[in-house]
1. Name the residue, out of LEU200, LEU156, that is over 12 Å from the mean Cα position of the chain (by Cα) and of a type outside the set (Val, Ile, Thr).
2. Quick one: how many residues across segment 66-90 are outside any helix (DSSP H, G or I) and touching a Phe, Trp or Tyr at 6+ places or on another chain (Cβ under 9 Å)?
3. Assuming LEU34 fulfils every condition listed in (1) assigned to a helix (DSSP H, G or I); (2) closer than 27 Å to ILE239 by Cα apart from one, which condition is it?
4. Restricting to segment 132-187, what's the tally of residues that are at negative phi and not in a helix (DSSP H, G or I)?
5. Could you please let me know if TYR55 is free of Cβ contacts under 8 Å to residues at least 60 places away in the same chain and at negative phi?
6. Does any residue of segment 163-175 turn out to be surrounded by 11 or more Cβ atoms within 10 Å (Cβ to Cβ), under 30 Å from PRO217 (Cβ atoms) and touching a Leu at 6+ places or on another chain (Cβ under 9 Å)?
7. Answer yes or no: is there a residue in segment 67-85 that is farther than 30 Å from GLN180 by Cβ, open to solvent by 30 Å² or more (accessible area, probe 1.4 Å) and in contact with a Gly (Cβ under 9 Å, 6 or more places away or on another chain).
8. Which pairs turn up if I take residues in segment 98-114 that are under 20 Å from PHE50 (Cα atoms) and look for partners that are open to solvent by 20 Å² or more (accessible area, probe 1.4 Å) and of a type outside the set (A, V, I, L, M, F, W, C) with beta carbon separation below 8 Å, at least 6 apart in sequence or on another chain?
Amino acid sequence: MEILANLINGMSLGSVYAIIALGYTMVYGIAKMLNFAHGDVIMVGAYICFCSVSYLGLPVLAGIALSIVGCTVLGVVVERLAYKPLRNAPSLNVLITAIGVSYFLQNAALLIMGSDPKSFSAVLSLPALRLFDGKLTISATAVITILACVAIMVALTIFTSKTKMGKAMRACSEDRDAAQLMGINVNGTISMVFAIGSGLAAIAGVLMCAAYPTLMPTTGSMPGIKAFTAAVLGGIGSIPGAALGGVLLGVIEIFARAYISTQLADAVVFGVLIIMLLIRPAGLLGKPVNEKV
């Protein structure tokens, strides 16, 4: 029962990583850039939901909806102001800008909300599931997180393969110049990718703080790095790969905490990434790409 409980907890944590990783993998797959400020958008979304429920007295669902809308707008604004002018710049310039945006969001939250941790409680107040005559207890947060991850992955897969905007995203991913020649609005498509990724970050932030109810300006930093690790583990640019990598990473982390050491859990997680890069650099579901030199 202990192993099964750890497995479920790992899948729940991994589902949060997967939702964040989906944002990473969509931005990289289409815009060919790594948005390292993505983790801090999680923190902003959690703060918006917290302030909506705690200070404004709004219902939880209204707070979550406001968080998604706020992060979606933030993602579009950041893309237009910080990343769009660097569309044809070297990748190092974009990387430095992303780090700068990350620090800007962290310090803005620090100035506005203060450094004291906030208690993020009573977001999901549903009864826990008790199985096997009460020997196994599964929290409602874990169930909702896993179901949300599956639903989001399926919805994104259908969206990118069936809708007009999804096909435009895939065309931009293959060749931006050719897509523009065919009449696709490349700038609008990339903005839509940032909007979707930031909205997913808001959902991940709420689910993460529901499971681990402590909110700080640096809340999104480590989950963002681990989600990037999950995206690389599954194959960055692949939606199923991001989901698979996130779940696997969460399970590995929980089992490392339970059976190895809580202090070495992060080292185990990043060690798995190093091994994967040595064995299969493209990731579990990624496809190697041959480039002409």
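The values are calculated or read from the model by the stated rules, or taken from the named source; none is laboratory data. Remember, it's a predicted structure, so these values are computed and weren't measured experimentally. Every residue, glycine among them, receives a Cβ derived from its backbone with ideal geometry; neighbour counts consider all protein chains shown. Side chains included, ligands, DNA and RNA excluded: accessible areas come from the protein's heavy atoms. Shrake-Rupley method; radii C 1.70, N 1.55, O 1.52, S 1.80 Å.
1. Values: LEU200 fails: over 12 Å from the mean Cα position of the chain (by Cα).
Of the residues listed, the single one that is over 12 Å from the mean Cα position of the chain (by Cα) and of a type outside the set (Val, Ile, Thr) is LEU156.
2. Narrowing segment 66-90 to residues outside any helix (DSSP H, G or I): 87-90.
Among the residues that remain, those that are also touching a Phe, Trp or Tyr at 6+ places or on another chain (Cβ under 9 Å) are: none.
Of the residues in segment 66-90, 0 are outside any helix (DSSP H, G or I) and touching a Phe, Trp or Tyr at 6+ places or on another chain (Cβ under 9 Å).
3. Evaluating LEU34 over (1) assigned to a helix (DSSP H, G or I); (2) closer than 27 Å to ILE239 by Cα leaves (1) as the failure.
4. Here is the first cut: in segment 132-187, the residues at negative phi are 135-182, 184-187.
Imposing the further condition that a residue be not in a helix (DSSP H, G or I) reduces the set to 135-139, 163, 175, 182, 184-185.
Number satisfying all stated conditions: 10.
5. Working: free of Cβ contacts under 8 Å to residues at least 60 places away in the same chain: yes; at negative phi: yes.
Judged against the criteria, TYR55 is a match.
6. For segment 163-175, residues surrounded by 11 or more Cβ atoms within 10 Å (Cβ to Cβ), under 30 Å from PRO217 (Cβ atoms) and touching a Leu at 6+ places or on another chain (Cβ under 9 Å): absent.
7. No: segment 67-85 contains no residue that is farther than 30 Å from GLN180 by Cβ, open to solvent by 30 Å² or more (accessible area, probe 1.4 Å) and in contact with a Gly (Cβ under 9 Å, 6 or more places away or on another chain).
8. GLN106/THR218; GLN106/SER221
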